[in-house]
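The structure that follows is given in the form of structure tokens.
The values are calculated or read from the model by the stated rules, or taken from the named source; none is laboratory data. What you are looking at is a predicted structure, and each value in this text was computed from that prediction instead of being measured. Here Cβ is always computed from backbone atoms with ideal geometry, including for glycine, and neighbour counts include all displayed protein chains. For the accessible areas, the whole protein counts, side chains as well, though only heavy atoms, and no ligand, DNA or RNA atoms are used. Shrake-Rupley method; radii C 1.70, N 1.55, O 1.52, S 1.80 Å.
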Amino acid sequence: MRIFVTGSADGLGQMAARLLLEQGHSVVLHARSEQRGRDATSALPKAEGVVVGDLSTIAATVSVAEQVNALGEFDGVIHNAAVGYREPRRVVTADGLPQIFAVNTLAPYILTALIRRPSRLVYLSSGLHREGDESLNDLLWERRPWSGYQAYADTKLHDVLLAFAFARKWKEVLSNALEPGWVATKMGGRGAPDDLAQGSVTQVWLAVSDDPAVMVSGRYFYHQRLRPVHPAANRVDLQEKLLQECARLSGIGPIVD
């Protein structure tokens, strides 16, 4: 199968890409800069190629989608790229958006909206999504006092909402979310207690396996098993509210069934 993995220059994204290559699949990598792209292809020379673009800006994210579409059809997309929970202040992008929202929420929305529909979509969330703000009010942190931890939790809930929204709208696509565990990546930190080797297994399994357990959509996984999700993730009204806000902020959309 042919898979595109965002944020695959290092960390879990690179681990997932490596595992896919070891299994004989074709992989296109993604990096936010030309130098990181060169580093990624050096680390994974068997990859088909790499697309480059900083997902913190709308224009660059659109460019990434265009680069992917220029390469043809893909069987799956793994939305892995993310900013972590340790941002001490509200970092604003060129578009006037909080960086963590731009990368973790808006970028996967834009890429899903613009990349030719694959047969499978995989969104990386986190166990912290259960602490996300289900009101979806003040998405851009214009009124709340800043909390990097809460901002991250919010965006990880957004990722589950996106996965479930596309599962509901696009019946021909298997769209699922997962938590990789708290693992010792650059984002997770050295003291993370979960098994790093297991950190990339579930997203690869969801992207390419023919296991009957994978032939589902709108589900949430941890280590290849279903796991309870924030109850708000299944609310259609919240899914639609997030899609509408992403469409408004990006100028891309609305999403059609």
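Residues checked against (1) touching a residue at least 40 places away in the same chain (Cβ under 8 Å); (2) open to solvent by less than 50 Å² (accessible area, probe 1.4 Å); (3) under 30 Å from S135 (Cβ atoms):
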| position | (1), (2), (3) |
| --- | --- |
| V214 | yes, yes, no |
| S217 | yes, yes, yes |
| L226 | no, no, yes |
| V229 | yes, yes, yes |
| G251 | yes, no, yes |
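Using the structure shown, decide if V28 is open to solvent by less than 10 Å² (accessible area, probe 1.4 Å) and in contact with a Ser or Thr (Cβ under 9 Å, 6 or more places away or on another chain).
Considered against the rule, which asks whether it is open to solvent by less than 10 Å² (accessible area, probe 1.4 Å) and in contact with a Ser or Thr (Cβ under 9 Å, 6 or more places away or on another chain), V28 comes out as yes.
Among the residues of region 108-121, is there at least one that is under 18 Å from the mean Cα position of the chain (by Cα) and polar (S, T, N, Q)?
Yes: one or more hits.
If you don't mind, another one. Which members of region 213-257 meet the condition of being polar (S, T, N, Q) and out of contact with any strand residue (DSSP E or B) (no Cβ under 6 Å at 6 or more places or on another chain)?
Within region 213-257, the first condition is being polar (S, T, N, Q), and the residues that meet it are 217, 224, 234, 239, 244, 250.
Within region 213-257, Q224, N234, Q239, Q244, S250 qualify.
Kindly evaluate D138 against the criterion of being open to solvent by less than 20 Å² (accessible area, probe 1.4 Å), in a loop (DSSP other than H, G, I, E, B) and not polar (S, T, N, Q).
Judged against the criteria, D138 is a match.
Limited to region 46-61, what total is found for residues that are under 15 Å from the mean Cα position of the chain (by Cα) and open to solvent by 30 Å² or more (accessible area, probe 1.4 Å)?
Matching residues across region 46-61 total 1.
Something else about it: Name the residue that is farthest from the chain's Cα centre (by Cα), counting only residues in region 85-94 that are touching a residue at least 24 places away in the same chain (Cβ under 8 Å) and surrounded by 15 or more Cβ atoms within 10 Å (Cβ to Cβ).
R90
Matching residues to (1) in a helix (DSSP H, G or I); (2) small (G, A, S); (3) buried (at least 19 other Cβ atoms within 10 Å of the Cβ); (4) at pLDDT below 95:
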residue	(1), (2), (3), (4)
R144	no, no, no, no
A151	yes, yes, yes, no
V160	yes, no, yes, no
A163	yes, yes, yes, no
V183	no, no, yes, yes
R190	no, no, no, yes
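Just checking, how many residues over region 196-212 are in a loop (DSSP other than H, G, I, E, B) and loosely packed, with under 13 Cβ neighbours inside 10 Å?
Residues flagged as in a loop (DSSP other than H, G, I, E, B) and loosely packed, with under 13 Cβ neighbours inside 10 Å within region 196-212 amount to 2.
Still on this structure, please answer the following. When you go through (1) in contact with a Phe, Trp or Tyr (Cβ under 6 Å, 6 or more places away or on another chain); (2) at pLDDT 95 or above; (3) under 19 Å from G13 (Cα atoms); (4) not in a strand (DSSP E or B) one by one for A177, which number turns out not to apply?
A177 satisfies every listed condition except (4).
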